[in-house]
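A short worksheet on the structure shown next.
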Ligand SMILES: O=C([O-])C1=[NH+]CCC1
């Protein structure tokens, strides 16, 4: 007997896989996006694991629940599913969602540009899709305001000692540091070292930092980690490795010190990075910011202006990248299935050991 059947559009944005669930509306309760995110966190974590863990998922996979809009004039709402939990916003997953809903006809496609407004638990996001021949060529995401919580904040990191990090918000809270400050290089073949270092940075951040979003107090912890190429230098390409850490991390259990690298340049991470660069005088309003991922794919960022958000000076970031639909899927749960919430095995889920 099937007790669950999820219809999905499989996609990727600059390499990062996003599973766009298009029949989830009846699963999520809440009058606001913040209430819906809280409902997912409180009641749907087994569903998140069902979609992202084995046998239906893999470490590098994210997903999106497409929900009815909340704000007047919006087209839809999203809640993002990552291996580390439910999150309010994601650049790559927004690009996957816009590509999926336009190419499938869920939202009408208007050439040459279609605007799609998306409600999230940290505000409404405006997107612009360049479309031709029934294909979404690129998506520009005008993300929610990004801001700096602190620059060069000293963190005591297990096995690395004191590391100076930037604490930023770009749609989620990030700790960001130069890879070189931890003796690392941004190289896909060194993914294990990068994910382990990122997990240890996150452990330190969870223990030593207090963060809280001024508009949504439920957003109150560092989510992901960015290791980047350091201060901008003329003629040097900016690149990053973003570690999407697994669920609960424990200082006394090295098997939790793992994660997966974002295969895209990470839109929320790029927005947070631009906020830090602007604060450092290394990125002007209106200046294009080419940001490469660990596999060399690109988001082009740009700051449109400044604003304030609670007590924070904030910037208005956009990122532009492309998405591709890779398939359609229907995921089911038989009520005799011994793994209703999926499972993971250390050979691919704990590569850092
Ligand atoms: O682009 C993004 O912001 C993210 N990609 C994967 C998780 C967050």
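The values are calculated or read from the model by the stated rules, or taken from the named source; none is laboratory data. Here the structure is a predicted model, which means the values were calculated and not measured. Counting neighbours? That spans all protein chains shown, and the Cβs are built from the backbone with ideal geometry, glycine included.
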Looking at this structure, is residue 48 in contact with a helix residue (DSSP H, G or I) (Cβ under 8 Å, 6 or more places away or on another chain), on the phi < 0 side of the Ramachandran plot and within 16 Å of the ligand (Cβ to nearest atom)? yes
Given the condition surrounded by fewer than 15 Cβ atoms within 10 Å (Cβ to Cβ), away from the ligand (no atom under 16 Å from the Cβ) and outside the structural domain of residue 300 (by TED's automatic domain parsing), answer yes or no: does some residue in segment 91-107 qualify? yes
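Okay, residues lined up against (1) more than 27 Å from residue 79 (Cβ to Cβ); (2) out of contact with any strand residue (DSSP E or B) (no Cβ under 8 Å at 6 or more places or on another chain); (3) away from the ligand (no atom under 16 Å from the Cβ):
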{"site": "174", "(1), (2), (3)": "no, no, no"}
{"site": "184", "(1), (2), (3)": "yes, no, yes"}
{"site": "189", "(1), (2), (3)": "yes, yes, yes"}
{"site": "197", "(1), (2), (3)": "yes, no, yes"}
Kindly check whether there is at least one residue in segment 206-214 that is closer than 21 Å to residue 270 by Cβ, away from the ligand (no atom under 16 Å from the Cβ) and not in a loop (DSSP other than H, G, I, E, B). no
Checking residue 285 against (1) within 16 Å of the ligand (Cβ to nearest atom); (2) in a loop (DSSP other than H, G, I, E, B), only one condition comes out false. Which one? (1)
Within segment 142-157, restricting attention to residues that are in contact with a helix residue (DSSP H, G or I) (Cβ under 8 Å, 6 or more places away or on another chain) and under 19 Å from residue 242 (Cα atoms), which residue is nearest to the ligand (Cβ to nearest atom)? 143
Which numbered condition residue 170 fails, given (1) touching a helix residue (DSSP H, G or I) at 6+ places or on another chain (Cβ under 8 Å); (2) at pLDDT below 95; (3) buried (at least 22 other Cβ atoms within 10 Å of the Cβ): (2)
Among (1) buried (at least 24 other Cβ atoms within 10 Å of the Cβ); (2) more than 16 Å from the ligand (Cβ to nearest atom), residue 119 falls short only on (1)
Mind checking whether some residue in segment 192-203 is more than 20 Å from residue 15 (Cα to Cα) and part of a loop (DSSP other than H, G, I, E, B)? no
